[in-house]
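Q: Here it is, the structure, as structure tokens.
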Amino acid sequence: MGRALQPKPTAMSLSLVNKPFFSPPFLLCSKLASQLPPPPRLRISSSSSCLPFTACAAAATMNGFSNFISHQQPGEDKGTVDLRVPVYSSSELVEKLQGKIRPEKGHPYRAMYSSFFDGITLDPALMMIPIDDHMVHRGHGVFDTTMLFNGYLYDLDSHLVRFLDSASKAKISSPFPRKTLRSLLIQLAGASKCTAGSLRYWLSAGPGDFLLSPSGCRNSQFYAVVISQNFSECTKGAKVITSTVPMKPPLFAAMKNVNYLPNVHSKMEAEKMGAFASIWVDDQGYIAEGPNANVAFISKRKELLLPLSHKILIGCTAKRLLVLASKLVEKGLLKSVSTRDVTVAEAKDSAEMMFVSSLLPILPIVEWDEQPIGDGLVGELTLAISSVLWEDIISGPETRRVLVPYEQMAAM
Ligand SMILES: Cc1ncc(COP(=O)(O)O)c(C=O)c1O
């Protein structure tokens, strides 16, 4: 029966009732859950002199007992809580995870590469990263995304250049040179058998301890996943609002690090207002960017303007658009293409407006802060810009499109 643990000065006293902690031989067995002896019951009691018990999940072992979880809400002081929580063996846990995330045909996560286990898994249940990775608990990681369309990776090299630039700004040294990262991503796409979707990949300072300094992180890591997704040209107009969430300082906004909390809040703020996303305006009143897209405007004089400053993330799509849009200038559809600061007043007075980002790649914007942009309809020039980008994705030069070697990977 119960063994009282030494009470911590500010925590609850804790005792085990019913059964003791699973013995090591039990941990090694891999029976089905129904065949297993019942898990231990924990009794967690808090005395009135204790601080309120906040929900916690402790992995640390205390006097040989481990893994306790409470569902008690912060501030609740109910005295004693009885709960049962299983302690799984490795094989039981894998079985449990596979039951939750089945790798059935429709699952969107098709393949993951991890330098931590140095290989690829096709099982979504095992697409995990270590909890002590500095990226997980301190945000010390960078990421990037590449579109996979019709069996080709679009503009992979531009994304890899930015990826390594972000890593260097974040003070993470890649475990592999660019050529190897590229090869790993191509092989991963091949192994996934996925022909349309996105590749998302991360460089992290790696696992080590849970400290602030990365000095205990043994090796930086590279993780990548292929997510199946269908794409089609965005022809409907979206609404946006001006964000009230503070922008990240330029140093952190200009690298694609994993600290996207302001971006998440900015998106949530927009959704709450019935809009698609928010637009950041910088401290000088110039247009910055959206939470995961750059913005572009077409003035009433048919100038394409991209406000690409050092205060934001410079998109690979926006850079490509600068080159491709010159075709529309040659055809006489656009008067000019340029990057410069754009004030809110000028932006709101534009004829057309759009988001520009890898997985869109163009999304027309027709309303901002409940005011129409231009005539409030999807603009013809926005659609012409969208077409040139789609043309590039579907049949652009080989330098921009990498054919995925599906057959080669299947033969391995
Ligand atoms: C903050 C931010 N700005 C701009 C972009 C557009 O970049 P890209 O065109 O390379 O996707 C992104 C893309 O995710 C982003 O997260």
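Q: Considering the stretch 347-370 alone, what residues qualify as being charged (D, E, K, R) and surrounded by fewer than 21 Cβ atoms within 10 Å (Cβ to Cβ)?
A: Residues satisfying the conditions are Lys348, Asp349, Glu367, Asp369, Glu370.
Q: For the stretch 114-155, list the strands (runs of 3 or more DSSP E) that sit wholly inside it and hold at least 3 residues that are within 16 Å of the ligand (Cβ to nearest atom); which are they?
A: Working: elements: 119-121, 141-149, 152-154.
Where strands (runs of 3 or more DSSP E) fall fully within the stretch 114-155 and carry at least 3 residues being within 16 Å of the ligand (Cβ to nearest atom), they are 141-149.
Q: For the subset of the stretch 84-113 comprising residues that are within 30 Å of Asn230 (Cβ to Cβ) and part of a loop (DSSP other than H, G, I, E, B), which member is modelled with the highest pLDDT?
A: Pro108
Q: Right, something else. Do we find a residue being in a loop (DSSP other than H, G, I, E, B), assigned by TED's automatic domain parsing to the domain that holds Thr317 and within 16 Å of the ligand (Cβ to nearest atom) anywhere in the stretch 381-392? If you could, list the steps in order and put the result at the bottom.
A: As a first pass, look at the stretch 381-392 and keep what is in a loop (DSSP other than H, G, I, E, B): none.
No, the stretch 381-392 contains no residue that is in a loop (DSSP other than H, G, I, E, B), assigned by TED's automatic domain parsing to the domain that holds Thr317 and within 16 Å of the ligand (Cβ to nearest atom).
Q: Name the single residue, out of those in the stretch 164-207 being on the phi > 0 side of the Ramachandran plot and basic (Lys, Arg), that is nearest to the chain's Cα centre (by Cα).
A: Our first condition is that a residue be on the phi > 0 side of the Ramachandran plot; within the stretch 164-207, this holds for 171, 193, 197, 206.
Within this subset, residues satisfying the condition of being basic (Lys, Arg) are 171, 193.
Details: Lys171: 20, Lys193: 22 Å.
By that ranking, first place goes to Lys171.
Q: Need pairs with beta-carbon distance below 6 Å; first residue outside the structural domain of Ser166 (by TED's automatic domain parsing) and within the stretch 259-277, second part of a helix (DSSP H, G or I) and modelled with pLDDT of 95 or more; sequence gap 6+ or separate chains.
A: Ala277/Lys267; Ala277/Ala270
The values are calculated or read from the model by the stated rules, or taken from the named source; none is laboratory data. What you are looking at is a predicted structure, and each value in this text was computed from that prediction instead of being measured. For neighbour counting, all protein chains shown are included, and Cβ atoms are generated from backbone atoms with ideal geometry for every residue, glycine included.
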